[in-house]
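Notes to accompany the following structure.
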Amino acid sequence: SGDLYLIIRIAPHPRYRVSGRDLYAPLSLSPWEAALGAAVPVDTPGGSATVNVPPGTSSGRRLRLKGRGLPNRRGEPGDFFAEAQIKVPTSLSGEERRLLEELRERSTFDPRGKR
């Protein structure tokens, strides 16, 4: 005879973060994928998808997959956001080290300089 109220809480997930109907997940990128751009596979709750990483992507940038978030019976589903995290190798081959040292010498990029 009265109203029934349900309170639903979503438990934290080890991979995804929820905000409304949107989902957020980390996307690990190599320095060359971030600098040059790449098509990178990402796991979403609905299955695998491909994220197009634009050239010049920095850590923290959010790449959106429209409609790949949580479903909504009354309207549009949420979006899925892959958050770029640039990872560097922990060990380098001799050739990799030589190439990175050459890049350091030739590059004019200053990550701490004024934007």
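The values are calculated or read from the model by the stated rules, or taken from the named source; none is laboratory data. As the structure is a computational prediction, the values presented were derived from the model and not from experiment. All Cβ positions, even for glycine, are placed from backbone atoms using ideal geometry, and neighbour counts span all protein chains on display. Just the protein is used for accessible areas: all its heavy atoms, side chains included, with ligands, DNA and RNA removed. Shrake-Rupley method; radii C 1.70, N 1.55, O 1.52, S 1.80 Å.
Apolar share of the accessible surface for the chain: 52 percent from carbon plus sulfur atoms, 1.4 Å probe.
Extent of region 24-77 along its three principal axes (Cα atoms, max minus min coordinate, largest first): 41, 17, 14 Å. With the helix formula -39500 (n - 2.57) applied to DSSP H stretches of n ≥ 4, the chain reaches a computed 222 nm mean residue ellipticity of -5000 deg cm²/dmol. Counting only protein heavy atoms and a 1.4 Å probe, the chain has 81 square angstrom of accessible area per residue. Ranked from largest to smallest solvent-accessible area, with a 1.4 Å probe on the protein heavy atoms, 109, 80 come out as 109, 80. The phi torsions of region 13-18, fed into the Karplus equation with coefficients 6.51, -1.76 and 1.60 and a -60° offset, translate into couplings of 10, x, 10, 10, 10, 10 Hz, rounded to whole numbers, with Gly and Pro shown as x.
Taking only Cα atoms and a 10 Å spring cutoff, compute GNM fluctuations for the chain and point out the largest among 31, 12, 41. Checking each option, the largest mean-square fluctuation is seen for 12. Both radii were evaluated on the Cα set of the chain; the Rg over Rh quotient, with Rh as the Kirkwood radius, amounts to 1.16. One equal scatterer on each Cα of region 75-115, no solvent, Debye formula: the resulting log10 I(q)/I(0) at q = 0.17, 0.26, 0.29, 0.34 Å⁻¹ is -0.73, -1.02, -1.04, -1.09. In this structure residue 110 has an accessible area near 90 Å², from a 1.4 Å probe over the protein heavy atoms.
Here residue 36 sits with roughly 130 square angstrom of accessible surface, probe radius 1.4 Å. About the centre of its Cα atoms, the chain shows a dipole size close to 380 debye [charges on the beta carbon of Lys, Arg (+1) and Asp, Glu (-1) only; nearest 20 debye].
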